[in-house]
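Chemist: Sending over a structure as structure tokens; questions will come in a sec.
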Amino acid sequence: MLFNSIHFLIFFPLVVLLYFIIPGKVRYIWLLISSYYFYMSWNAKYALLLLASTLITWGCGLLIDRFQKKNLRRLVLILGLISNFSFLFYFKYFNFFWGNLSKVLQKIHITLPVQSFNILLPVGISFFIFQAVGYMIDVYRKTIKPEKNLLRYALFVSFFPQLVAGPIERSGNLLKQMQEIETKKLWNYDNIVNGFIMMIWGLFIKMVVADRVAILVDTVFGYYFQFGTISLAAGAIGFALQIYGDFMGYSTIAIGAAKVMGFELMENFNTPYFATSVSDFWHRWHISLSTWFRDYVYIPLGGNRCGKFRKYLNLMITFLVSGLWHGAAWNYVVWGMLHGIFQVVGDLTKNIRNKLYKITNTKTESFSFLLGKILGTFFWVDLAWIFFRAGSLKVALEYCFRLFTKWDPWSLFNGQLYTLGLDRQEFFILAIGAILIFLADLIRYNKKESVAVFLTKQCLWFRWLVLFALIGAIIVYGIYGIQFDSTQFIYFQF
Amino acid sequence: MKKTLKNLITIALFCLVGLLLYLRLYHVFSWKDTSDNYNSTLNTFYQMEPDTADVLFLGSSHCYCTIDVSNLWREHGISALSLSISGQDLVSSYYCIEETLKTQHPKVVCLEVFCTKIHGYEAGSEGNLYRNTIGLRPSITSYRAIRDIAEDNKELKGQLLSRWPIIHTRYRELEEKDFIQNGPRYMGFQCDFRQDGDISWRGNGYQYCPDETPIAIEPTEEEWLRKIISLCKENDIELCMFVAPYAAYDKEQQQFRYVENIASENNVAFLDFIRLKNETGVEDPHDFIDWGHLNYWGAQKVSSYFGDYLYANYQLKDHRGEKGYEIWDENAQKIDREKTAYELKTNANPVTYIKSLTQLDDCAILVSTVGTFQNDDIDISSIITSLGIPAEQFAFGGSWLIDGNTVDYEPHTGDYSRHWSYRNKTLSVMGTPDSNYVYVNHESRVLKENGIVILVYDKFLQEVVDCSELSTDDSFMVLH
């Protein structure tokens, strides 16, 4: 069930209404049933996978807590990790692994049987498995007590607003709220209004902006071999906007939906394209995943405490794994690797750059310097996005080659940009949407407050005007219905 | 408690304002009547006075190109409405009758049977499907129509029922009529003046098939045909089936024989206008736009014959002049004016052209001189002055707006500009001693230098029906 579907439009109000009406004791059961229904609307069979992961991590949590001996605790944790990651490996990485192994072995004249595993990737598998695994590690580290109530724990793993595309919640935050569900004050007008605004804003970003620019991006990436620098740059910048709008839109709807029901989910985005370095970008982009990798991969590997070489190695390992988390293909691995390299190089050249600024008397506090850093960071991030979006490593490399060699500035003036799937009218709508996202990010950047908080502080007439305009724009300009094939949120595939 | 109440009231008010805005938005985006190549008249139907339509025509584009209901009105005062829609299948026809019965009780339903060859949503374009389903107002009837037309296509059914997935894309095509009612209403006749359509390539052309062996139509279509017969019987409505003139294949005609047999079994009248070729006088290719559709002249011949037939056989009342039937006058006037506009546009003779301008009713005529506008070939002054322009003014040159008995004059001296506003159009003349421009809503209408520009705005149709130039270089031959 997609957030931008009629199905959800009926499902969500019904769930909330009953959630508000029923006695506190059974609220979590109602939410659990709703969450499983939500998940099963994609593929009922895969609910078994969700259930299995839930049962394993719940049982492991209890056992880890019960055992006093560290070795036993560790053994249970390892078993829990292996079983969960084996699910992930089988459903997501097996074909990739088998294909590559087969290619390698062919070099030494060993032929593996050709496998044709038609494995349908369960929606959101990487998200709920990471969330459940995070819980298990937290119990192992004794940062939280295990949840004894299976149903309550199952709700933590399957909570529908963030089940299929995050934010990847921490037990310390969401599970704690689940444990207080009976005593939670539900009728909170501010929460409901805030949550509603966030949902509308998220839908606007997804349906009006991300899905619209997706048309241009699909054209450019589909026929990249026909285009020169300008169109390819438009495609790359378009994809940066698309993936941000798509994923940030989803997260905003998820956070808003949870908020309406009185749950606070963690922020997932904080003006990522205003980042002044690639490292800063990862403090602002997909925060729930980057902090997960920091806490459960990078720091356990030693983090930055074991010397520079180990720090860089850990960074590279973390980002390679992050790349692989996003998809079972080499282009995702290269994408992760590029982000690792950018950060390593950034760190290595930091002193040289600072000296250079000093020698050239660069005003590092000025707006222009900051803007330059932001634009520079965007350039590197967007370059890496090409590898993320391209269907294969070969396509990504060819795309980049053409981008930097097929210089055609006249395309800016001869109307070619309007032949990439969006005519002038559609470009105009897209531009308005992109400007609104930029303004919202600017508010966030300067005032440190979300669109929802900003709007709730405004006069009623202004708030309503904005809301009705957004709703109207979604209904009219949203990409849905006939001639619409970009229905899925990009991050569902992870 | 007080705060909670205040919050609840705010939420309720928000929902109310949202609902009102939604309804307004829906009104703008909802499917509207279309003319040109794809007809639909459901909006007009919903605006009609209850119990006024005596005859209802249903069918595909063959029907709305064949039947001019204004002809029936003009000749016999028959209040007929055509709800024929492009690609209308029998399911759509059935539910159109059901919808009609909510406000009207026609004495006769005339069903054009080309639709017995159209099967639900699988036939024809998506546009036809939308016209046949979401043109109906949301109701149990439209729900049932969508259910039966979309059959087991769940996605399509969902889109048609919620409508927005389809109609929201209309933001790219919104027109004035989507916001306000403009122009006269019309009742389902495609007034097309194209002639000599090539019909010879299809089958034997417009010829009756001598082989009368019936060939069965699809069982589903037969089932719906029988349902229509029953529905009409239950509601005490006479049903009359007919085949519109077109270049039908032999097999199609044999299928019509099958339909004719069903009609005969049920005492339903059946007219085959392919068989009645000589009686109607329809000629090919003169009366055809293309293989399947008649033009204006062909439609007049068949409509006249059909009108006589209906008037003679069904005791239909002459409603001309009666209160509540103004919409038929409006429709007839629309068709007349479209014909007049066509005649204007095809007239190249300056003398007869100007003469026909003097006979126009409820039109504003803008005359504007450009450069040297007189020569010795023809005494244009004596012709132009018949429009009411004083000869001495014309000798001086300028622009004139002739609207009924009033003539408004703008001399072309120095820099000049003059604007005349009508409901949805502004006619302007602007110029300098060296140039002259005529504009209609920002659009320049001047073609050449040296001559006279004439622009005709029909206040009833609310459109510029002709823009012509009488050039001195071409001996004032009228160029449109």
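Chemist: Suppose R0 equals 25 Å. What FRET efficiency, 1/(1 + (r/R0)^6) with r the Cβ-Cβ distance, do A:Leu397 and A:Leu313 give to the nearest 0.05? Intermediate values should be presented prior to the final figure.
Modeler: On the way: r = 26 Å, r/R0 = 1.02.
The value I calculate is 0.45.
Chemist: Additional query: How well do other chains shield peptide A:470-481, expressed as the mean number of their Cβ atoms within 10 Å of each residue Cβ?
Modeler: The per-residue average across the peptide is 4.
Chemist: Find, among the chymotrypsin sites (Phe, Trp or Tyr not before Pro) in the range A:351-418, those assigned to loop by DSSP (not H, G, I, E, B) with at most 14 other beta-carbon atoms within 10 angstrom.
Modeler: Numbers: sites: A:Tyr357, A:Phe367, A:Phe369, A:Phe378, A:Phe379, A:Trp380, A:Trp385, A:Phe387, A:Phe388, A:Tyr399, A:Phe401, A:Phe404, A:Trp407, A:Trp410, A:Phe413, A:Tyr418; in loops: A:Trp407, A:Phe413.
Those that pass, being in a loop and sparsely packed, are A:Trp407, A:Phe413.
Chemist: Given an 8 Å cut-off on Cα distances and at least 6 residues of separation, report the relative contact order of chain A as a percent.
Modeler: Dividing the mean separation by the residue count of chain A yields 19 percent.
Chemist: Expressed in nm to one decimal, what extension gain is obtained for the pair B:Gln333 and B:Glu155 from 0.36 nm per residue of sequence separation less their Cα-Cα distance?
Modeler: Values: separation 178, 0.36 × 178 = 64.08 nm, distance 4.32 nm.
Working it through step by step, the gained length comes to 59.8 nm.
Chemist: Sticking with this one: Calculate the dipole size of the protein assembly as shown relative to its Cα centre from +1 charges on Lys and Arg beta carbons and -1 charges on Asp and Glu beta carbons; express the result in debye to the nearest 20. If you can, show how the numbers build up before the last one.
Modeler: Numbers: 89 positive and 95 negative charges, 2035 e Å.
Here the protein assembly as shown has a charge dipole of around 9780 debye.
Chemist: Right, something else. At 1.4 Å probe size, what's the solvent-accessible area of A:Phe196? Round to the nearest 10 Å².
Modeler: Near enough 80 Å² of accessible area.
Chemist: May I ask for the Rg/Rh ratio of the range B:216-312, computed from Cα atoms with Rh as the Kirkwood radius, given to two decimals?
Modeler: Numbers: Rg = 14.5 Å, Rh = 14.6 Å.
On the Cα set of the range B:216-312, Rg over Rh gives 1.00.
Chemist: Tell me, what is the 1.4 Å probe accessible area of A:Lys355, in Å² to the nearest 10?
Modeler: Here the residue's solvent-accessible area equals roughly 140 Å².
Chemist: Only sites in a loop by DSSP and with at most 14 other Cβ atoms within 10 Å count here; which GluC sites (Glu not before Pro) in the range B:229-311 make the cut? Could you put the intermediate results ahead of the total?
Modeler: Working: sites: B:Glu234, B:Glu238, B:Glu252, B:Glu260, B:Glu265, B:Glu279, B:Glu283; in loops: B:Glu283.
For GluC sites (Glu not before Pro) across the range B:229-311 that sit outside H, G, I, E and B with at most 14 neighbouring Cβ atoms in 10 Å, the list reads B:Glu283.
Chemist: For the range A:284-363, count all C-alpha to C-alpha pairs, find those more than 18 Å apart, and express that count as a whole percent of the total.
Modeler: Working: 1563 of 3160 pairs.
Result: 49 percent of Cα pairs exceed 18 Å.
Chemist: Next up: Lys/Arg Cβ at +1, Asp/Glu Cβ at -1, dipole of the protein assembly as shown taken about the Cα centre: which of A:Ala210, B:Ser399, B:Asn349 is farthest positive-ward?
Modeler: Checking the options against the dipole of the protein assembly as shown, the answer is A:Ala210.
Chemist: Can you tell me the convex hull volume per residue for the range B:104-251, based on C-alpha atoms, in Å³ to the nearest whole number?
Modeler: 190
Chemist: Additional query: Which residues in the range A:173-208 have a backbone N closer than 12 Å to a point placed 7 Å from the Cα of A:Trp30 along the Cα-to-Cβ line?
Modeler: Residues passing the 12 Å test: A:182, A:186-187.
Chemist: Let me ask you something else. Using a 1.4 angstrom probe and counting only protein chains, how large is the accessible area of B:Cys209 in Å², to 10?
Modeler: That residue has around 10 Å² of solvent-accessible surface.
Chemist: According to a simple spin-label model (label point 7 Å from Cα along Cα-to-Cβ), what is the distance in nm between B:Cys15 and A:Phe94?
Modeler: 4.9
Chemist: Follow-up. Hey, with R₀ at 45 Å, roughly what FRET efficiency would A:Arg294 and A:Ala431 work out to, going by the Cβ-Cβ distance, to 0.05? Display every interim value, and only then the final one.
Modeler: Working: r = 36 Å, r/R0 = 0.80.
Taking R0 as 45 Å, the efficiency between A:Arg294 and A:Ala431 is 0.80.
Chemist: Shifting gears a bit: Please report the equivalent ellipsoid semi-axes of chain B, computed as sqrt(5 x eigenvalue) of the Cα gyration tensor, largest first, in whole Å. The partial results should precede the final answer.
Modeler: Working: eigenvalues 417, 214, 76 Å².
Each semi-axis is the square root of five times an eigenvalue, giving 46, 33, 19 Å.
Chemist: Taking a 1.4 Å probe, which of A:Trp98, B:Trp73 shows the most accessible area, and what order do the others take after it?
Modeler: Numbers: A:Trp98 55, B:Trp73 10 Å².
Accessible-area ranking of A:Trp98, B:Trp73, largest first: A:Trp98, B:Trp73.
Chemist: Calculate the mean, over all residues of peptide A:49-57, of how many other protein chain Cβ atoms lie within 10 angstrom of the residue's Cβ.
Modeler: Working: counts 0, 0, 0, 0, 0, 0, 0, 0, 0.
Rounded to a whole number, the mean comes out at 0.
Chemist: Quick one: accessible area per residue over the protein assembly as shown, 1.4 Å probe, rounded to a whole number of Å²?
Modeler: For the protein assembly as shown, the per-residue accessible area is 45 Å².
Chemist: Considering every residue in A:1-9, what mean count of other chain Cβ atoms within 10 Å of its Cβ is obtained?
Modeler: Details: counts 0, 0, 0, 0, 1, 6, 1, 0, 1.
Counting other chains' Cβ atoms within 10 Å and averaging over A:1-9 gives 1.
Chemist: Using a simple spin-label model with points 7 Å from Cα along the Cα→Cβ vector, what separation in nm is obtained for A:Phe369 and B:Arg24?
Modeler: In this crude label model, A:Phe369 to B:Arg24 measures out at 5.2 nm.
Chemist: Provide the net charge surrounding A:Gly433, with neighbours chosen by a C-beta distance below 12 Å and charges set as Lys +1, Arg +1, Asp -1, Glu -1. Could the numbers behind the result be given before it?
Modeler: On the way: positive: A:Lys206, A:Arg212; negative: A:Asp211, A:Glu426.
Taking every other residue near A:Gly433 into account, the sum is 0.
Chemist: I need the per residue convex hull volume for the range B:390-480, using only the alpha carbons, in cubic angstrom as a whole number. It would help to have the intermediate numbers written out before the result.
Modeler: Working: hull volume 9.5 nm³, N = 91.
Dividing the Cα hull volume of the range B:390-480 by its residue count gives 105 Å³.
Chemist: Sticking with this structure for a sec: Each label point is 7 Å from the Cα along the Cα-to-Cβ direction; what then is the distance between the points at A:Leu75 and B:Thr372, in nm?
Modeler: Distance between the two pseudo-spin positions: 11.4 nm.
Chemist: May I ask you to order A:434-442, B:387-395 by the average number of other C-beta atoms within 10 Å around their residues, highest value first?
Modeler: Going from most to least packed, we get A:434-442, B:387-395.
Chemist: Please list, ordered by chain and number, the residues whose modelled amide H lies under 5 Å from the amide H of B:Thr34; skip anything fewer than 5 residues away on the same chain.
Modeler: Under 5 Å from the amide H of B:Thr34: B:Ser40.
Chemist: On a C-alpha basis, how far is the centre of the range A:340-358 from the centre of the range B:391-441 in Å? Whole number, if you could?
Modeler: 73
Chemist: To the nearest 0.05, what FRET efficiency results for A:Leu186 and A:Asn446 with a Förster distance of 30 Å applied to their C-beta separation?
Modeler: On the way: r = 33 Å, r/R0 = 1.11.
Result of the calculation: an efficiency of 0.35.
Chemist: Once you have a ≥ b ≥ c as the square roots of the Cα gyration tensor eigenvalues for chain A, tell me rounded if a/c is under 1.5, and otherwise prolate or oblate according to whether a/b is larger than b/c.
Modeler: On the way: a/c = 1.43, a/b = 1.14, b/c = 1.26.
Rounded shape, in that the Cα axes give a/c under 1.5.
Chemist: Let me check I've understood the local charge: for B:Asn267, count other residues with C-beta under 14 angstrom from its C-beta, Lys and Arg +1, Asp and Glu -1. What total comes out? Don't skip to the end; give the middle numbers.
Modeler: Working: positive: B:Arg226, B:Lys233; negative: B:Asp236, B:Glu238, B:Glu260, B:Glu265.
Neighbourhood net charge equals -2.
Chemist: Separate question: Loop-only check: which chymotrypsin sites (Phe, Trp or Tyr not before Pro) in the range A:1-86 are DSSP coil with at most 12 other Cβ within 10 angstrom? List each step's numbers first, then the result.
Modeler: Values: sites: A:Phe3, A:Phe8, A:Phe11, A:Tyr19, A:Phe20, A:Tyr28, A:Trp30, A:Tyr36, A:Tyr37, A:Phe38, A:Tyr39, A:Trp42, A:Tyr46, A:Trp58, A:Phe67, A:Phe85; in loops: A:Phe3, A:Trp42, A:Phe67.
Passing sites in the range A:1-86 do not exist.
Chemist: Full-extension gain between B:Gln207 and B:Asp408, please, as 0.36 nm times their residue separation minus the C-alpha to C-alpha distance. Display every interim value, and only then the final one.
Modeler: Working: separation 201, 0.36 × 201 = 72.36 nm, distance 5.62 nm.
My answer for the length gained is 66.7 nm.
Chemist: Moving on to the next point. Got a sec? Which residues in the range A:151-167 would a label at A:Leu14 touch, if it sits 7 Å along Cα→Cβ and we count backbone N under 20 Å?
Modeler: Counting only backbone N, you get A:159-164.
Chemist: Separate question: Hey, what number do you get for the protein assembly as shown at 222 nm if only DSSP H runs of n ≥ 4 count, each worth -39500 (n - 2.57), divided across all residues, to the nearest 500? Please report the intermediate quantities before stating the final value.
Modeler: Details: 40 runs with 509 residues, N = 974.
So the calculated ellipticity at 222 nm is -16500 deg cm²/dmol.
The values are calculated or read from the model by the stated rules, or taken from the named source; none is laboratory data. Everything numeric here is computed off the predicted structure, so don't read it as measured data. No Cβ is skipped: glycine too gets one built from the backbone with ideal geometry, and neighbour counts run over all protein chains shown. Calculation scope for accessible area: heavy atoms of the full protein, side chains included, ligands and nucleic acids excluded. Shrake-Rupley method; radii C 1.70, N 1.55, O 1.52, S 1.80 Å.
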